[in-house]
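Below is one structure, written out as structure tokens; comments come after it.
The values are calculated or read from the model by the stated rules, or taken from the named source; none is laboratory data. Just so we're clear, the structure is a prediction, and the values are computed from it rather than from any experiment. As a convention, Cβ positions derive from the backbone with ideal geometry for all residues, glycine included, and neighbour counts pool all protein chains shown. For accessibility, only protein heavy atoms count, side chains too; no ligands or nucleic acids. Shrake-Rupley method; radii C 1.70, N 1.55, O 1.52, S 1.80 Å.
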Amino acid sequence: MQIGRQVLEAFSARLLALDRVAESASPARLMRDGLEGLRALVPFEAAWWGECSGGMDGLAPRNWLSGRINLSPDFAREWNRIGHQDRFALESLRRLDTVVRSASYDDPVPAVEAFARRHDLFHALAVTRALPGSGLQQFISIYRGQAGAPFVPAEGVLFEQFSAHLMQRWSTRVAVSIGGAGAARAGDGHGLLDAAGEFVYLGARLALLLQEHYPHWDGAQPPADLVEALRRASGSLKLGARRVAVDPSGELLLLSLAPRRQAPLLPPRELSVALLYADGRSHKQIARETGLSPATVRTYLRDAYQRLGVADKVALGRALAGRRARSRTA
């Protein structure tokens, strides 16, 4: 397989144009303009891109935000209903950084096949990459209909290489909007919305909080109640017990999940009992090691659970992780 000089020159020209856009464009515009540049190298009829999860914290594959070219506004919402059965998408999630290809409507799951036929997704190329610091993955998919020509191997190479440049520049623009110096600073507790009230970036922790607070949220677009609350917000927004800072970032709106308040310090004996329990000791073992009665051990643990706001041993261990590290170095 060879790619000629003319194609390489066109590829270079598109990258240079991408750099000029990346200097000032919002992440959403950068992605759209970048894909239009890719379209001149690898023609396609429709495109879809955004952020997704694949097994994150037990979640099924899900699209959390997306952009599209020549696809219906309900495309992402429809996909979220069948994503956990979409073999093509699942393969892309399993094979990060690798272009996957499809050339058929056929699927053993009728709902997935119907989805592909409805949107004429006959020929497809997709790539999914980890999005540093976000807890989610970033994907790009391009499509041709049944009447279109198959994607040839050289087009797959161009798609793979150009999408890597585009995604890296997108990540950098997100990090700059959040306030970091590089893509790795794009935090999982942040989100960015554009003037139309659409997410252009969303971190996993903030996504999970929104899902918890808005249980009927389908993940494709920001919850309408959230958008309305943001219009009224003055500096911060409360979602249940958590607070989200709301700040302008150029033409975007930056959401920043405030850190949890540090758990109150446990009394020394109570802390000692809680640490031993989190390390796997039984009530009887703790009683023997500390000279306390089993009933007192249970009382201390009950009080520790209440003070730390936890409900099980796993959560107790997480809450005490910092204290355990300090006690071992003291």
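Asn63: net charge of surrounding residues, Cβ under 14 Å, Lys/Arg +1, Asp/Glu -1, itself excluded?
That sum, taken over residues with Cβ under 14 Å, equals -2.
How large is the charge dipole for segment 18-112, taken about the Cα centre, if only the Cβ atoms of Lys, Arg (+1) and Asp, Glu (-1) carry charge, to the nearest 20 debye?
40 debye
Cut-off 19 Å, label point 7 angstrom out along Cα-to-Cβ of Thr98: give me the residues of segment 122-140 whose amide nitrogen falls inside.
The answer is 124-131, 137-140, whose backbone nitrogens lie closer than 19 Å to the label point.
Under 5 Å between amide hydrogens, which residues at least 5 positions from Ala220 or on another chain qualify, with H placed 1.01 Å from N in the peptide plane?
The list, which skips near neighbours in sequence, is empty: none.
Are there GluC sites (Glu not before Pro) in segment 198-283 that DSSP marks as loop and that have at most 15 other Cβ atoms within 10 Å, and which are they?
Glu198, Glu251
So, in nm, how far is label Ala196 from label Val109 when the simple model puts each one 7 Å beyond its Cα toward the Cβ?
2.8 nm
Using only the heavy atoms of the protein chains and a 1.4 Å probe, how would Val109, Val314 rank by accessible area, largest first?
Descending order: Val314, Val109.
Report which label in (i) 22.5; (ii) 20.2; (iii) 24.7 holds the value of Kirkwood radius over Cα pairs in Å derived from the coordinates of this structure.
For Kirkwood radius over Cα pairs in Å, the calculated option is (i).
Assign unit charges at the C-beta atoms only (+1 for Lys and Arg, -1 for Asp and Glu), then state the dipole size of the chain relative to its Cα centre in Debye, rounded to the nearest 20.
1740 debye
Just going by the charge dipole of the chain, with Lys and Arg at +1 and Asp and Glu at -1 on Cβ, which of Gln285, Leu18, Leu158 is farthest out on the positive end?
The residue sitting most towards the positive pole is Gln285.
Can you give the accessible area of His190 in Å² (nearest 10), computed on protein heavy atoms with a 1.4 Å probe?
For His190, solvent-accessible area is about 50 Å².
Enter the angle in degrees (range 0 to 90, nearest 10) between the Cα long axis of helix 27-41 and the first principal axis of the Cα atoms of the chain, meaning the one along which they spread out most.
Between the helix axis and the principal axis of the chain, the angle is about 40 degrees.
In degrees between 0 and 90, to the nearest 10, how far off the longest principal axis of the chain does helix 268-278 point, with axes built from Cα atoms?
Tilt relative to the chain: about 50 degrees.
Modelling each spin label as a point 7 Å along the Cα-to-Cβ direction, I'd like the Leu15/Ser234 distance in nm, to one decimal.
5.1 nm
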